[in-house]
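Chemist: Supplied in C-alpha cells, the structure appears directly below.
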Amino acid sequence: MTADAALTGLADGWYALSVLHARIEAHIERALQAGHELSVREYSLLVVLSRQHDGQGGHLRMNQVADAVALSQSATTRLVTRLEDRGLLQRYLCPDDRRGIYTDVTASGLRLLDQARPTHDESLSGALRQAAADPELSPLVAAVEALNASSAHGARTREYRPV
C-alpha cells in the first residue's frame with residue numbers, strides 16, 4: 001500500500017467516524033429537545049458535573065469541565081450560565097482557593113438528568129442500530145459495542161474482585 005493509499009484509507013475512516021458521530025448526536029439531540037428541552041451538550045454537562053464528589057479531587061474547575069465536555073472555556077461558561085439561569089446548576093467559590101469556581105448540579109438538575117437519561121440511552125441505542133445497517137458504519141458500531149462490553153466486563157471484574 002502506498003503512502004497516498006494509506007492516507008486515503010485513514011481519511012475515509014475519519015470521515016466515517018465523523019458521519020457516525022453526527023448521526024448519533026443529531027438523533028439524541030432531537031429526542032432530548034423534544035422530551036426534556038435539553039441539548040446534547042447540556043445533557044453531557046449535567047452528566048459530567050453529577051459525577052463529582054466531595055473529597056480530594058472531587059470537584060472540577062471550569063477549565064476541567066470545558067475539557068470534559070469538549071468545548072472552549074468561553075462556550076462552557078455560556079453553557080453553565082444557561083443551565084444556571086434555568087436553576088439546574090449553581091456556582092460557588094472554591095473553599096481552598098478563592099480564585100477557583102466550582103459548579104454543582106442542583107436538585108432540579110439531578111431530577112431532570114434522571115428523567116432524561118432513559119431518553120438519551122434509548123436514542124443512543126436506536127441510532128447505533130440504524131448505523132449498524134450501513135456497511136460503511138457497521139465496523140465502527142461494532143467497535144463502540146466492543147468498548148462498551150470491555151468496560152462493562154472490567155466494571156464487573158472490579159466490582160467482584162476479592163480484597
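The values are calculated or read from the model by the stated rules, or taken from the named source; none is laboratory data. These numbers come from a predicted model, not from an experiment. Every residue, glycine among them, receives a Cβ derived from its backbone with ideal geometry; neighbour counts consider all protein chains shown. Heavy atoms of the whole protein, side chains included, go into the accessibility calculation; ligands, DNA and RNA do not. Shrake-Rupley method; radii C 1.70, N 1.55, O 1.52, S 1.80 Å.
Chemist: If I go through region 28-47 residue by residue, how many of them are open to solvent by 70 Å² or more (accessible area, probe 1.4 Å), in a loop (DSSP other than H, G, I, E, B) and among the small types (Gly, Ala, Ser)?
Modeler: 0
Chemist: Would you check if VAL19 is assigned to a helix (DSSP H, G or I), out of contact with any helix residue (DSSP H, G or I) (no Cβ under 6 Å at 6 or more places or on another chain) and either in contact (Cβ under 8 Å) with a residue 40 or more places away in the chain or over 19 Å from VAL144 (Cα atoms) (or both)?
Modeler: Criteria met by VAL19.
Chemist: What do you reckon, is ARG91 without any contact (Cβ under 8 Å) to a residue 40 or more places away in the chain, part of a helix (DSSP H, G or I) and not aromatic (Phe, Trp, Tyr)?
Modeler: Values: without any contact (Cβ under 8 Å) to a residue 40 or more places away in the chain: yes; part of a helix (DSSP H, G or I): no; not aromatic (Phe, Trp, Tyr): yes.
No: the conditions fail for ARG91.
Chemist: Here is a further query. Name the residue, out of LEU124, LEU140, that is surrounded by 13 or more Cβ atoms within 10 Å (Cβ to Cβ), within 24 Å of ILE24 (Cα to Cα) and more than 17 Å from the chain's Cα centre (by Cα).
Modeler: Among LEU124, LEU140, only LEU140 is surrounded by 13 or more Cβ atoms within 10 Å (Cβ to Cβ), within 24 Å of ILE24 (Cα to Cα) and more than 17 Å from the chain's Cα centre (by Cα).
Chemist: Right, another one. How many of the residues making up region 48-75 are assigned to a helix (DSSP H, G or I) and touching a strand residue (DSSP E or B) at 6+ places or on another chain (Cβ under 9 Å)?
Modeler: Within region 48-75, residues that are assigned to a helix (DSSP H, G or I) and touching a strand residue (DSSP E or B) at 6+ places or on another chain (Cβ under 9 Å) number 4.
Chemist: If you go through region 118-138 one residue at a time, how many are in a helix (DSSP H, G or I) and without any contact (Cβ under 8 Å) to a residue 12 or more places away in the chain? Don't jump to the end; show me each part of the working.
Modeler: First, pick out the residues of region 118-138 that are in a helix (DSSP H, G or I): 118-132, 138.
Subsequent filtering for residues that are without any contact (Cβ under 8 Å) to a residue 12 or more places away in the chain retains 118, 121, 125, 129, 132, 138.
Summing the residues that are in a helix (DSSP H, G or I) and without any contact (Cβ under 8 Å) to a residue 12 or more places away in the chain in region 118-138 gives 6.
Chemist: Also: Restricting to region 54-79, name every residue that is within 23 Å of HIS120 (Cα to Cα) and either among the small types (Gly, Ala, Ser) or modelled with pLDDT under 90 (or both).
Modeler: Of everything in region 54-79, those that are within 23 Å of HIS120 (Cα to Cα) and either among the small types (Gly, Ala, Ser) or modelled with pLDDT under 90 (or both) turn out to be ALA66, ALA68, ALA70, ALA75.
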